[in-house]
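See structure below.
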Amino acid sequence: MEPAVELVDVVAVLGAFPVLAGATLRVERSEIVLLRGPNGAGKTSLLRLCAGLLPVERGTATVLGVDLVHDRTAVRTRVGLLGHANGLYADLTVADNVRFWGATVGASAEEVNAAMERMGLADRLADVSVGRLSAGQRRRTALACLIARRAELWLLDEPHAGLDAAGRDELDATLRSAAVAGATVIVASHELERAGSLATRVVQVVGGCIREAR
Amino acid sequence: MLSVWAISRLVAGKDLRVEWRSRVVSNQVVPFAALMMVMFAFALDSDSVLKRVAPGLVWLAAMFSLLVIVQRAFAVETADGALDALRVAGVRGAGIFVGKALALAAQLAVLELILLGAAIVLYDTHLVGSGIALLACTYLTATLGLSFVGTLYGGLAAGAKGRETLLPLLMLPVAAPVLIGATRATEAALGTAGATTSDGWPWIGLLALFAVAFGIGGTLAFGSLIDE
Amino acid sequence: MIALRNAAHVVGSYAITFAAIAVYTWNLLRRARKAARQVPVEDRPWT
Amino acid sequence: MNHFGPTSTRFTRALGVATILGLGWLAVFGLLLSPDDVVQGSYARLLYIHVPSAWLAYLAFGVTGLASGAYLWPRTRSMQWDRIAGASAEVGVLFMALALVTGSLWGKVTWGTYWTWDSRLTTTAFLFVTYIGYLAVRDLGGSHEQRARRSAVLALLAVLEVPLVHFSVSWWRPLHQAETIERGGLKGLMLFSFFVGMIAFTLLYVWLVMHRQRLMMLNDMIDDSGLDRALAERRNEVAP
């Protein structure tokens, strides 16, 4: 089977700045890869590039068999990205948000409920506006939206940030079971020991370039 | 992948739900629009002039309110990266465009009815029985046209630097035909300054043409404008 | 020859037009000189 | 380095000389030699520059529309079209501004008012504002492809907008200023000079667009070479 992500010497720019300066990375299906590196190293850009949001300036990039250089929109329905922003509507309730994002990929009501239960949002918090939640609860909601989207490739940017201990455990368990079910997971995280125990491989990102560690 | 129409319904339903729960349009934009109608009276300071120009003032207030509603409609999308999330979700630009435009049209239609009510109360405007059909057609076509234009340029300005000032610069010149057409048609429907109903129907044609042109143009162009 | 009445409008129009063209042209060439310093001659497709 | 600067070639220099000669003739004839018009007196002199300015602006916006279409059409897609569209729009905005100013001065002396809500005037004003918006969108930033795609779509939307605006204002205020040329107001040397003006302005347009477009290309190349330098710097962060 083709790899989930295959980047060769990828350069990507934001304005005039090369956020990625020659990234080469191969991720097989069902892997859980941890990206680590200092702030500004290009971890976030790497995830956005894989999600088809950031155009490939030079090099070649194939994600889930889709050539990002020629058509970076085709990959989008099949990946799930949790960025720094949660992508939630503050005026809507938790249930509304999860339902909406699930519906964009045609998820059923059962799948939406399962996703909310998975992140512990099914009962008390379901009908609370997202704008009134704590940062950690919002992160949980965003993760529930991601679960409901049934993505083949999960791209998570600092997913542990703001979560309490229980939330982190639930997240790790979710990612593991997603990988067992065949999804590929790429996580950018500062939480090295936690994410490190989760990951099958650690990749070091520095200065917009990639070196593989371990 | 969902069809464009299914996505449109989803996005429109979401936008209306956001408004239903936040009440920003009903609690802030409607009072703003009503206030404009009062301010017009201060500026023009003559009952007969007000009665003469009432249809124009109604649509002028509708257009300025539209600017505010459009800003709000896209602030909702950009505040927490939802527009990016929509793009990652593979939601096509055409679906976002039609959905947001329909939700906008629904809110704008209610606002315009309130403005018409304000004109009746404040400017001594009278509804004429024979003009009701014309008035209804004017409201339908003009509201759709304004919503399409507002969504199209609102999406382009969303996330850009200086979006608050860019939106009116881009949108108002394009929306000018709607202001002219809707005002003339409303004058004809209300019989303002001796206008008759038959004067109004050609303008409906123009308004309908406008709505269709920008409906199709926007559906095709929106994806490119928001970097789908 | 120009009639005296309202000659200012006529002369003024010519002055505005030619001045605007001159200023724009001058500005264009100045910016081009500045930009060209950073691009080697052989990279310019028109040379 | 030659006198016309780094964006000039032998062709643009020849063009530039012809333009200067044409404009010079126009100024001398329009201000000094032209006899007064039978109907409008000395004010007809304004038309020698007003009409070519307006023509040039319409030409420029037409070219912007065509070049934008050529950019969006997959078979002809090239950044060159984007640069031509942008250069042409900028020149068009300049000359539309001149046409509006000289036109309103002409209106002041002939009609006694700077502005009338004539349909052509009103459409022109809207066109002017629309292309100011177009230039603002070109300045929004992002990659060159983003700029090109966004502005090309916007230019085509303007093509959609213009006839609708024109229809609505001409229905709204049907009164129309008859074309001076159509009425046969200009004869002999006057007509000749009028055409000299049209040709000189058209040459000026070509000259300006070529230079502007080359300047834009220089700037785009500087952006790209800046990327190489920035890439090298960024890669140096990796070295321990």
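Can you find a residue in the stretch B:178-195 that is of a type in the set (Ser, Thr, Tyr) and open to solvent by 50 Å² or more (accessible area, probe 1.4 Å)? Spell out how you get there, then give the answer.
Going residue by residue through the stretch B:178-195, those that are of a type in the set (Ser, Thr, Tyr) are B:183, B:186, B:192.
Restricting the remaining residues to those that are open to solvent by 50 Å² or more (accessible area, probe 1.4 Å) gives none.
Taking every residue of the stretch B:178-195 in turn, none turns out to be of a type in the set (Ser, Thr, Tyr) and open to solvent by 50 Å² or more (accessible area, probe 1.4 Å).
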Verdict on D:Leu227 being more than 9 Å from every other protein chain (Cβ to nearest Cβ) and either touching an Asp or Glu at 6+ places or on another chain (Cβ under 8 Å) or open to solvent by 20 Å² or more (accessible area, probe 1.4 Å) (or both): no
Residue that is modelled with the lowest pLDDT, among those in the stretch D:174-216 that are open to solvent by 90 Å² or more (accessible area, probe 1.4 Å) and either under 25 Å from D:Thr9 (Cβ atoms) or within 14 Å of chain B (Cβ to nearest Cβ) (or both): D:Pro174
Where a residue in the stretch A:99-111 is within 7 Å of chain B (Cβ to nearest Cβ) and its partner, wherever it lies, is polar (S, T, N, Q) and surrounded by 19 or more Cβ atoms within 10 Å (Cβ to Cβ), with Cβ under 9 Å and at least six apart: A:Thr104/A:Thr77; A:Val105/A:Thr77
Residue tally, condition in a helix (DSSP H, G or I), open to solvent by less than 30 Å² (accessible area, probe 1.4 Å) and closer than 18 Å to A:Thr184 by Cα, over the stretch A:129-171: 6
Residue match in the stretch A:63-76 (condition: under 19 Å from A:Val185 (Cα atoms), modelled with pLDDT of 90 or more and in contact with a Lys or Arg (Cβ under 6 Å, 6 or more places away or on another chain)): yes
Count of residues meeting criterion [open to solvent by 10 Å² or more (accessible area, probe 1.4 Å) and outside any strand (DSSP E or B)] in the stretch A:55-79: 12
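Taking the stretch B:53-101, which residues are assigned to a loop (DSSP other than H, G, I, E, B) and β-branched (Val, Ile, Thr)? Talk me through it step by step, then tell me what you get.
At the first step, the residues of the stretch B:53-101 found to be assigned to a loop (DSSP other than H, G, I, E, B) are B:79-81, B:89-92.
Once the filter is applied, which keeps residues that are assigned to a loop (DSSP other than H, G, I, E, B) and β-branched (Val, Ile, Thr), the stretch B:53-101 yields only B:Val91.
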Residue list for the stretch A:12-42, filter: under 17 Å from A:Gln204 (Cα atoms), within 14 Å of chain D (Cβ to nearest Cβ) and crowded, with 22+ Cβ neighbours inside 10 Å: A:Val19, A:Leu20, A:Ala21, A:Ala23, A:Ala41, A:Gly42
Selection status of B:Phe42, within 28 Å of D:Val153 (Cβ to Cβ), aromatic (Phe, Trp, Tyr) and open to solvent by 30 Å² or more (accessible area, probe 1.4 Å): no
Lone qualifier among B:Leu134, B:Leu144, B:Leu113 - being assigned to a helix (DSSP H, G or I), open to solvent by 40 Å² or more (accessible area, probe 1.4 Å), in contact (Cβ under 8 Å) with a residue 40 or more places away in the chain and within 23 Å of B:Ile180 (Cβ to Cβ): B:Leu144
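Looking at this structure, is B:Glu164 in a helix (DSSP H, G or I), open to solvent by less than 40 Å² (accessible area, probe 1.4 Å) and of a type in the set (D, E, K, R)? Show your work before the answer.
Values: in a helix (DSSP H, G or I): yes; open to solvent by less than 40 Å² (accessible area, probe 1.4 Å): no; of a type in the set (D, E, K, R): yes.
Criteria not met by B:Glu164.
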Set B:Ile69, B:Ile7: member being within 14 Å of chain A (Cβ to nearest Cβ) and touching a residue at least 24 places away in the same chain (Cβ under 8 Å): B:Ile7
Inter-residue pairs, beta-carbon under 6 Å, first more than 19 Å from D:Ile49 (Cα to Cα) and open to solvent by less than 20 Å² (accessible area, probe 1.4 Å) and in the stretch D:101-128, second among the charged types (D, E, K, R) and not in a helix (DSSP H, G or I), 6+ apart: D:Ser119/D:Arg173
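Among what's in the stretch A:172-190 and is part of a loop (DSSP other than H, G, I, E, B) and under 15 Å from A:Arg139 (Cβ atoms), pick the residue that is most open to solvent (accessible area, probe 1.4 Å).
Narrowing the stretch A:172-190 to residues part of a loop (DSSP other than H, G, I, E, B): A:181-183, A:189-190.
Checking the rest, the ones that are also under 15 Å from A:Arg139 (Cβ atoms) come to A:189-190.
Numbers: A:Ser189: 3, A:His190: 104 Å².
Per the criteria, the residue is A:His190.
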Where B:Ser198 falls short, out of the listed (1) touching a residue at least 40 places away in the same chain (Cβ under 8 Å); (2) over 28 Å from B:Leu156 (Cβ atoms): (1)
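Looking only at the stretch A:113-128, decide whether some residue is in a loop (DSSP other than H, G, I, E, B), over 22 Å from B:Thr78 (Cβ atoms), within 21 Å of the chain's Cα centre (by Cα) and among the hydrophobic types (A, V, I, L, M, F, W, C). If you could, list the steps in order and put the result at the bottom.
At the first step, the residues of the stretch A:113-128 found to be in a loop (DSSP other than H, G, I, E, B) are A:119-128.
Cutting the leftovers down to over 22 Å from B:Thr78 (Cβ atoms) gives us A:119-128.
From the residues that got through so far, the ones that are within 21 Å of the chain's Cα centre (by Cα) too are A:119-121.
From the residues that got through so far, the ones that are among the hydrophobic types (A, V, I, L, M, F, W, C) too are A:119, A:121.
The answer is yes; a qualifying residue exists.
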Members of the stretch B:1-53 found to be among the aliphatic types (A, V, I, L, M) and farther than 29 Å from B:Thr125 by Cβ, listed by number: B:Met1, B:Leu2, B:Val4, B:Ala6, B:Ile7, B:Leu10, B:Val11, B:Ala12, B:Leu16, B:Val18
Those residues of the stretch D:7-17 which are open to solvent by less than 30 Å² (accessible area, probe 1.4 Å) and free of Cβ contacts under 8 Å to residues at least 60 places away in the same chain, in sequence order: D:Thr9
Filtered residues of the stretch D:18-43 (kept if at pLDDT 70 or above, in contact with a Gly (Cβ under 9 Å, 6 or more places away or on another chain) and open to solvent by 70 Å² or more (accessible area, probe 1.4 Å)): D:Trp25
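Does B:Thr219 count as more than 9 Å from chain D (Cβ to nearest Cβ), at pLDDT 90 or above, open to solvent by 10 Å² or more (accessible area, probe 1.4 Å) and in a helix (DSSP H, G or I)?
Yes.
The values are calculated or read from the model by the stated rules, or taken from the named source; none is laboratory data. Just so we're clear, the structure is a prediction, and the values are computed from it rather than from any experiment. With ideal geometry, Cβ positions are generated from the backbone for all residues, glycine too; neighbour counts draw on all protein chains shown. Remember, those area values only see protein heavy atoms, side chains included, never the ligands or the DNA or RNA. Shrake-Rupley method; radii C 1.70, N 1.55, O 1.52, S 1.80 Å.
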